[in-house]
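Heads up: the structure comes next, in C-alpha cells.
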Amino acid sequence: MGRYFADIWDTLKTISIGMGITLKYCFAKTVTVQYPDMAPVLQPRYRGFHWFEAEKCIACDQCAKACPVDCIYIEKTGARKIDKATGEAIGGALTRYAIDYSKCMFCALCCEPCPTDCIHMGNNHDLSAFTRKEMVVEFTDLAKEGKQTPEPIWMQKEKLPAWAEERKRQWQDRAAPVKDAMLRALQASEAKKPAPAAPAPAATN
Ligand code: SF4
Ligand code: SF4
C-alpha cells in the first residue's frame, strides 16, 4: 500500500518539475529567428563562406597546403606575382580557384598563411545545393560575374526581405571597384611599363 502512494507522489512530483521548466521558458526571451524573413544574428568574427580576391591571388598554393581536408583546388598557367605598381597579381592566368564546401569545416586555416591577404572567411552562412557537385564553388567563375563570394540560391529571387537586399548590395558594392581587375587576373598579363620620363627642358642662356 505504501509503495502505491509513493508511486503517485513520484508521478506528481516529476510532472510538476517538468511543467515548472516549461512555464519558465514560456516567459523567457525568444531566441528563435524567423529566417529568412528575419536576418540571423552573426557574430563579428563569424566564419562563413569565403571571400576571395582573385585580383590579388598569386596562386602560390599556401592556402591549399594549409587546408587540413584538401578541399581547395588551384590551377594556373604560369608563375604569378604582385605588381608593386598596381598591387595586382600578374603573370600566368589564374584558371581555377575552387573550394569544395561538402568537405570544408570553416576552420580559417587557409586564410592565415596567404601572403597577399586575398582569402577571407565571409559572412554568407547559407549555401544549400541540390547536388554534391554544386557544393564546389568555383571562385574564378564568380569573378567573371564580378562576385567575390557565392550567393545563396534563394537570394537570386527578385523579391527578397529587406535585410537580404541590403546584404546582397554590400557584397556587390565591395566587389564592384575591382571588377575589371578580377577579370584581368583570369588572363595572363605582364607588369605595366612605367610611363616614359618627360624630356628635360632645353637650357637657356
Ligand atoms: S576553412 Fe579550413 S577546411 Fe575550409 S578551405 Fe579553409 S582550411 Fe580548408
Ligand atoms: S589565396 Fe593566397 S595563399 Fe591561396 S593561392 Fe592565392 S595568394 Fe596563395
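Scanning segment 82-95 for residues that are free of Cβ contacts under 8 Å to residues at least 60 places away in the same chain and loosely packed, with under 15 Cβ neighbours inside 10 Å turns up Lys84, Gly87.
Taken together, Pro68, Pro44 contain a single residue that is part of a loop (DSSP other than H, G, I, E, B), surrounded by fewer than 14 Cβ atoms within 10 Å (Cβ to Cβ) and more than 15 Å from ligand 1 (Cβ to nearest atom), which is Pro44.
Taken together, the residues in segment 96-134 that are within 13 Å of the chain's Cα centre (by Cα), of a type in the set (A, V, I, L, M) and either more than 10 Å from ligand 1 (Cβ to nearest atom) or surrounded by 14 or more Cβ atoms within 10 Å (Cβ to Cβ) (or both) amount to 6. If you go through segment 109-131 and keep only what is assigned to a loop (DSSP other than H, G, I, E, B) and within 21 Å of Glu75 (Cα to Cα), you end up with Leu109, Cys110, Cys111, Glu112, Pro113, Cys114, Pro115, Thr116, Asp117, Cys118.
The residues listed here are Phe139, Phe49, Phe130, Phe27; of these, the one that is touching a strand residue (DSSP E or B) at 6+ places or on another chain (Cβ under 8 Å), of a type outside the set (Val, Ile, Thr) and more than 12 Å from ligand 2 (Cβ to nearest atom) is Phe49. Would you say Pro68 is more than 10 Å from ligand 2 (Cβ to nearest atom), out of contact with any Lys or Arg (no Cβ under 8 Å at 6 or more places or on another chain) and modelled with pLDDT under 95? It is false that Pro68 is more than 10 Å from ligand 2 (Cβ to nearest atom), out of contact with any Lys or Arg (no Cβ under 8 Å at 6 or more places or on another chain) and modelled with pLDDT under 95.
The values are calculated or read from the model by the stated rules, or taken from the named source; none is laboratory data. Because the structure is predicted, anything quoted here is derived from the model rather than measured. We place every Cβ from the backbone using ideal geometry, glycine too, and count neighbours over all the protein chains shown.
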